[in-house]
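Structure first, then comments.
The values are calculated or read from the model by the stated rules, or taken from the named source; none is laboratory data. Since we're looking at a predicted model, the values are computed, not measured. Cβ: placed from backbone, ideal geometry, glycine included. Neighbour counts: every protein chain shown. The area values use the complete protein model at the heavy-atom level, side chains included, leaving out ligands, DNA and RNA. Shrake-Rupley method; radii C 1.70, N 1.55, O 1.52, S 1.80 Å.
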Amino acid sequence: MRIDIDLVRRIERSSAAFAAQQAEAIAAIAPESGAIAESFDGGSLIAGGRGRYVNRAMGVGLGGTSADDVVAAIDSFYGERGMPPSLELSPWTDPAIVRLLGTNGYRIDWFRNVYVAALPVWVTQPIEPHVIEPVTAATVPVRQAILAGDAAIGTDARRISDEMCETGLVLPGALDFLALVGGEAAACGSLNTADGIGWIGGAATLATHRGLGLQTALIAHRLRLAHELGCDLAAATTLPNGQSAHNILRLGFQLLYTQVVLTKPA
């Protein structure tokens, strides 16, 4: 796949739009979170709320806004909410913005990889068949238990993970799935679409059922569904050396670029 600025802009714009929708969903189910998203420079300034997964600007730095205005907007948006200003950047970001962030105290926080696949991609299913079914209001607690992993009930980590699962009930176009083994739910995954791109995420497998090809089956199912829904691309983000990265590289995705998340310490 040819990588150019148009493709990068589309990926960044789509990712920001999806995250903004998630913030709106969090605001709907947890008004006390203060979750909010504002469009800016072709992307979004996103505050999911303290402790939530996304409290950073996404998709900015490619829209032609001046470096001074970009940095000022991020400082203001997060400063007003008592949060450290933060944003994720692609390697295609305007160099003037990168320089100004450095002189204004922003520091590297972490990295994540962006992967993409041109659809259709037909993934061979595992030899052993698995049943995949949509998550319903009745099975949301089942998905919550799988996705939370070792996070104990009553902890902030479990509460936030459970909250994210609940957003699937109000997030436009959200599609969440369970993979069943012997009639019991053992793994989960999600598909969300924005700007003709199907975003693959929300993956987790119970420790007792790993190695059975459940995530391969879930990814294959979502790739086919994304194509049926009219998407011409599928995308995913992962930590550079996580298991999810290994899974999707085996299934037709290519590494598009690595993002850096910059944060201004309090």
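Per residue, the chain exposes an accessible area of 45 Å² to a 1.4 Å probe, with every protein chain left in place.
Going by Cα centres, the range 9-34 and the range 77-109 are how many Å apart? A separation of 19 Å, based on Cα centres. Membrane-span-like helices in the chain, defined here as complete DSSP H runs extending at least 30 Å along the helix axis by their C-alpha atoms with mean Kyte-Doolittle hydropathy no lower than 0.5, are absent; this is a sequence and geometry rule, not a statement about a membrane. Across the chain, the relative contact order, built from alpha-carbon pairs under 8 Å that are at least six residues apart, equals 24 percent. Between the entries [x] 18.1; [y] 19.8; [z] 19.1, the label attached to Kirkwood radius over Cα pairs in Å calculated for this structure is [z].
Taking a Cβ cut-off of under 14 Å around ALA194, the surrounding Lys, Arg, Asp and Glu residues balance to a net charge of -1, with basic ones at +1 and acidic ones at -1.
Ligands, DNA and RNA left out, the 1.4 Å accessible surface of the chain is 56% carbon and sulfur atoms.
What does the extension gain come out to for THR136 and VAL170, with contour length at 0.36 nm per residue minus their alpha carbon separation? Walk me through the numbers on the way to the answer.
Working: separation 34, 0.36 × 34 = 12.24 nm, distance 1.18 nm.
Extra length available between THR136 and VAL170 comes to 11.1 nm.
Charge dipole (Cα centre; +1 on Lys/Arg Cβ, -1 on Asp/Glu Cβ; no other charges) of the chain amounts to roughly 540 debye. Between LEU180 and GLU38, residue separation times 0.36 nm minus the direct Cα-Cα distance comes to 47.3 nm. Modelled label positions at ARG250 and ASP4, each set 7 Å beyond Cα in the direction of Cβ, lie 3.5 nm from each other. All other residues whose Cβ lies under 14 angstrom from that of LEU169 are scored, Lys and Arg at +1 and Asp and Glu at -1, for a net of -4.
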